[in-house]
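Inspection log for the structure reproduced underneath, given as structure tokens.
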Amino acid sequence: MNPTRILIAEDHATIREGLKLLINSQSDMEVVGEAGDGLSAQQLAQELNPDLIVMDVSMPQVNGLQATTELARQQPGVKVLILTRHSDSGYLQQLLAAGAAGYVLKQSPPEELLRAIRSVAAGSNYLDPQVTGQLLQGYSGRSATALVAGLEPLSEREQEVLRLIAWGYSNKEIAVRLKLSVKTIEAHKANSLRKLGLSSRIDIVRFALLQGWLKET
């Protein structure tokens with residue numbers, strides 16, 4: 001099995017070197033490039049076509065949010081894992097909306113980053129346990145059962161589609177996986193959002209967290 005090819009985007013050279021040593025110590029992953037700012041990260045991503053980018057948020061020229069947004073448009077097959085000190089929900093929600101597949105805090109143990117890399121590389125979304133509570137604040141402690149109480153239930157297929165969206169799959173990838181057309185997947189997604197009263201990818205991830213879907217890989 002080929003190792004996951006990783007590009008590191010981090011403006012502090014010492015942190016970059018530490019990340020490179022940690023990642024390269026794992027047999028199932030390797031660092032194929034390093035960038036000190038978001039613009040360089042975009043350019044190297046085009047040249048190297050990595051499987052995954054470990055992306056800092058606060059960088060010169062082009063920050064991590066801008067770079068993630070542009071990468072999602074230009075290279076949707078490249079997954080972005082955010083590694084940052086920022087734990088507030090504002091950063092988290094903006095980056096998820098921009099297309100980031102994972103969010104890990106720099107202050108978390110190294111094992112958390114490795115776990116996140118493997119999860120995102122396998123096609124799932126990953127959120128650092130320290131920030132999942134903030135993402136759920138919009139539900140004010142309501143349980144998943146309470147969230148859907150009194151609403152039209154989802155069909156098995158709609159649940160399946162919503163789960164895959166929460167894990168980070170695109171409509172096209174879900175269509176291939178389920179052997180359905182992209183239009184059918186879009187219809188199931190639209191029906192699910194209508195039934196649950198949701199409106200965005202962030203809402204889907206929140207719902208998935210409440211359901212416990214993101215604990216699965």
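Taken together, the values in this text are just the output of simple stated rules run on the coordinates, not laboratory data. Keep in mind the model is a prediction, meaning the values are calculated, not measured. Cβ sites come from the backbone with ideal geometry, for glycine too, and all protein chains shown count toward neighbours.
The magnitude of the dipole of the chain, with charges of +1 and -1 set on the Cβ of Lys/Arg and Asp/Glu and taken from the Cα centre, is near 760 debye.
When the chain is fully extended, how far beyond the present Cα-Cα distance does SER200 get from GLN26, taking 0.36 nm per residue of separation? Show your work: numbers first, answer last.
Numbers: separation 174, 0.36 × 174 = 62.64 nm, distance 3.54 nm.
This chain segment gains 59.1 nm when fully extended.
Whole-Hz Karplus values for the stretch 95-111 come out as 6, 5, 5, 6, x, 5, 9, x, 8, 10, 8, 5, 7, 7, x, x, 4 Hz, taken residue by residue from phi with 6.51 cos²θ - 1.76 cosθ + 1.60 and θ = phi - 60°; glycine and proline positions read x.
If you take the square roots of the eigenvalues of the alpha-carbon gyration tensor of the chain and sort them as a ≥ b ≥ c, do you get rounded (a/c under 1.5), prolate (a/b over b/c) or oblate? Prolate, because a/c is 1.5 or more and a/b exceeds b/c.
Among GLY99, GLY38, GLY123, the residue with the largest mean-square fluctuation in a Gaussian network model of the chain, with springs joining Cα atoms closer than 10 Å, is GLY123. Taken as Cα centroids, the stretch 181-198 and the stretch 35-93 sit 29 Å apart, rounded to the nearest whole angstrom. In the elastic network of the chain, a GNM with C-alpha springs shorter than 10 Å, the most mobile of ALA45, ALA101, ALA175 is ALA175. The residues neighbouring ASP88, those whose beta-carbon lies less than 15 Å from its own, together hold a net charge of +1 under the Lys/Arg +1, Asp/Glu -1 convention. When the Gaussian network model of the chain links Cα atoms closer than 10 Å, the mean-square fluctuations of ARG157, ARG118, ARG177 top out at ARG177. Calculated [222 nm] ellipticity per residue, helices only, for the chain: -15500 deg cm²/dmol; basis is -39500 (n - 2.57) per DSSP H run with n ≥ 4, divided by all residues, nearest 500. Close amide H partners of TYR126, meaning residues 5 or more places away or on another chain with modelled amide H under 5 Å apart, are GLY102, TYR103. Each Lys or Arg adds one and each Asp or Glu subtracts one; over the other residues with Cβ under 15 Å from the Cβ of GLN26, this totals -1.
Each label was represented as a point 7 Å from its Cα along the Cα-to-Cβ direction; for LEU178 and GLU111 these points are 3.6 nm apart.
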